[in-house]
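See below for the structure under consideration.
Bear in mind that the values in this text are calculations on the coordinates, not laboratory data. From a predicted model like this one, the values you see are computed outputs, not experimental measurements. Positions of Cβ are backbone-derived with ideal geometry, glycine not excepted, and every protein chain shown enters the neighbour counts.
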Amino acid sequence: MFHFIILLCLLLSFQVTALAEQQPPKTVGFKVVTVVRGLNYPWSLAFLPDSSFLVTERGGRMLLFKNDGVTRVVRGLPQITAKVQGGLLDVIPDPDFSTNRTIYFSYVAGRFGGTGTEVTRAVLDGTTLKNMKVIFRAEPKTKKPKHFGSRLLIAPDGKLFITLGDRGNKDWHSDSGKKHVAQDLSNHLGTIIRINRDGSIPKDNPFVGRKGYKPEIYTYGNRNVQGIARHPETGAIWFHEHGPKGGDELGILKAGANYGWPIVTYGIDYNGDIISYKTSAPGIEQPLIQWTPSIAPSGMTIYDGSAFPEWKNNIFIGALVQRHLRRVILQGNRVVGEEILLKSLRERIRDVRTGPDGYLYVLTDSQNGRLLRLEPLSSP
């Protein structure tokens, strides 16, 4: 009887804990402050160590903002193809920006009759880019104007991750036996790339030395990754990607992993066709959470500021289609809750970043886009 009571207590304790984890997240009060308005489809935000920041606009402008409130246009960008989803995309500073003034940016460029994602490093000298070097070109170029991926992340070891998309390629069917580009490691489409900051290839990349494989590839089976961030405590690199109609995914980056597109998916095609009847398969990584219907995720940060202690180590993701900012609450590597923020703005959220001041910053995606700052109601 005694053992039964102990077992019952343990079961009840487990149930209470499980129920507590599923409780709605505690809502944190905040106010929304407009920092910059009048941006033309902004895509990315990058804070620099001197308290200035860069904003890219998809149409091909890079803007530099300092504390004086003056908008400065950065000169010397390469030729950019701005069409549909393509254009000037992500930008990040070098870890040693204070001494070398180096930045990295991704964009769509035309070549050989098609377009594709490219990444360039350059020195920001005042408002002019100098010493530009293309350090990566996605191959092959195609004529399709979408799914360019293009988020950038530099890991603590100095390696640069570049997210890519499958370029909207549909030349595959689940029963055709034909390999989709995202499952074909002889090209870069539908992958996440890992290179050194000078463009060379790390010797410990998972497919280095394998005949017929692109050695820059770190993961594959990715449909269109537009968010990537490193957890400040665990060091895990999280990323999300667009599904088709449904099946947006959030997961953790693993070297050499196959994330399944389009062999497995939780979504269907936009016309209602079945892409695959499988949502899992041996040897394929499962998402830690998937969203159906799609939220259309873009931009991503794992909050490590001090202004919102309740948000510490939470993931924040912009939602384009559902027009909100999504808070994803973690317990270790498990998602234990979600909260929808900024829904009343009815704005497409393109990017989200943790600022050096501890506040949360978001870019709204429109012809009259804004940079917004989320501050606590009782901010000092």
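Within the chain, what's the longest stretch lacking chymotrypsin sites (Phe, Trp or Tyr not before Pro) that sit in DSSP loops with no more than 15 other Cβ atoms inside 10 Å?
Working: sites that count: F112, Y270, Y277.
Longest gap between qualifying sites, sites excluded: 113-269.
Can you tell me the length gained on complete extension of the stretch I284 to S98, counting 0.36 nm per residue apart and subtracting the Cα distance? Before the final figure, lay out each step's value.
Values: separation 186, 0.36 × 186 = 66.96 nm, distance 4.11 nm.
Length difference between fully extended and current span is 62.9 nm.
In sequence order, what are the phi-derived ³J(HN,Hα) couplings for segment 279-286 according to the Karplus relation 6.51 cos²θ - 1.76 cosθ + 1.60 with θ = phi - 60°, rounded to whole Hz, with x for glycine and proline?
Here the 3J(HN,Hα) series is 10, 7, 6, x, x, 10, 5, 8 Hz.
Please list, or write none, the lysines whose alpha carbon is within less than 25 Å of the alpha carbon of K211, excluding same-chain residues fewer than 8 places away.
Partners within reach: K141, K159, K178, K179, K203, K254.
Roughly speaking, what is the stretch gain from D157 to R137, that is 0.36 nm per residue apart minus the C-alpha to C-alpha distance, in nm to one decimal?
Details: separation 20, 0.36 × 20 = 7.20 nm, distance 2.22 nm.
The D157-R137 span can extend by a further 5.0 nm.
Per residue of the chain, what 222 nm ellipticity follows from adding -39500 (n - 2.57) for every DSSP H run with n ≥ 4, rounded to the nearest 500?
On the way: 2 runs with 24 residues, N = 380.
When only DSSP H runs of four or more count, the value is -2000 deg cm²/dmol.
Please give the Cα centre distance for segment 227-288 versus segment 321-337, rounded to the nearest Å.
Taking the Cα centre of segment 321-337 as reference, the centre of segment 227-288 is 15 Å away.
Springs between alpha-carbon atoms under 10 Å, Gaussian network over the chain: tell me which of R327, R370, R210 tops the mean-square fluctuations.
Its mean-square fluctuation being the largest, the pick is R210.
Taking θ as phi - 60°, what are the ³J(HN,Hα) couplings along segment 363-373 by the Karplus curve (6.51, -1.76, 1.60), each to the nearest whole Hz, with x for Gly and Pro?
Result, ordered by residue: 10, 8, 9, 7, 5, 10, x, 10, 9, 10, 10 Hz.
Could you calculate the FRET efficiency of S378 with K66 from 1/(1 + (r/R0)^6), where r is the beta carbon distance between them and R0 is 22 Å, rounded to 0.05?
Plugging the Cβ-Cβ distance into 1/(1 + (r/R0)^6) gives 0.20.
If amide hydrogens are placed 1.01 Å from N in the peptide plane, which non-local residues have theirs closer than 5 Å to the one on W43?
Under 5 Å from the amide H of W43 lie the amide H atoms of T56, E57, R58, each far enough along the sequence or on another chain.
Please order R223, R72 by the number of other Cβ within 10 Å, starting at the fewest. Show your work: numbers first, answer last.
Working: R223 26, R72 15.
Final ranking by Cβ density, sparse to dense: R72, R223.
Between segment 44-68 and segment 128-164, what is the separation of their alpha carbon centroids in Å?
18 Å
Over segment 68-157, what is the relative contact order in percent, taking alpha-carbon pairs closer than 8 angstrom and at least six residues apart?
On the way: 177 pairs, mean separation 25.8, N = 90.
That works out to 29 percent.
Could you work out how far apart the two model spin labels at R75 and Q331 are, taking each label as a point 7 Å from the Cα in the direction of the beta carbon, and quote it in nm?
5.7 nm
Relative to the present Cα-Cα distance, how much length would full extension add between I201 and E338 at 0.36 nm per residue of separation? Intermediate values should be presented prior to the final figure.
Working: separation 137, 0.36 × 137 = 49.32 nm, distance 3.76 nm.
Result: 45.6 nm gained on full extension.
What ³J(HN,Hα) values, in whole Hz, does the Karplus curve 6.51 cos²θ - 1.76 cosθ + 1.60 give for segment 249-255 when θ = phi - 60°, with x put for Gly and Pro?
Result, ordered by residue: 10, 10, x, 10, 6, 9, 4 Hz.
Only sites in a loop by DSSP and with at most 16 other Cβ atoms within 10 Å count here; which GluC sites (Glu not before Pro) in segment 240-309 make the cut? Could the numbers behind the result be given before it?
On the way: sites: E241, E249, E285; in loops: E285.
Here no GluC sites (Glu not before Pro) fit, given the DSSP loop and packing criteria.
Let me know the shape class of segment 221-380, please: from the alpha-carbon gyration tensor, a ≥ b ≥ c as square roots of the eigenvalues, rounded when a/c is under 1.5, otherwise prolate if a/b is greater than b/c, or oblate. Mind dumping the intermediate values first?
Values: a/c = 2.41, a/b = 1.48, b/c = 1.63.
Taking the square roots of the gyration eigenvalues as a ≥ b ≥ c, segment 221-380 is oblate.
Over segment 30-376, what is the mean sequence separation of C-alpha contacts under 8 Å (at least six apart), divided by residue count, expressed as relative contact order in percent? Mind showing how you got there, number by number?
Working: 977 pairs, mean separation 49.2, N = 347.
In percent, rounded to a whole number, it is 14.
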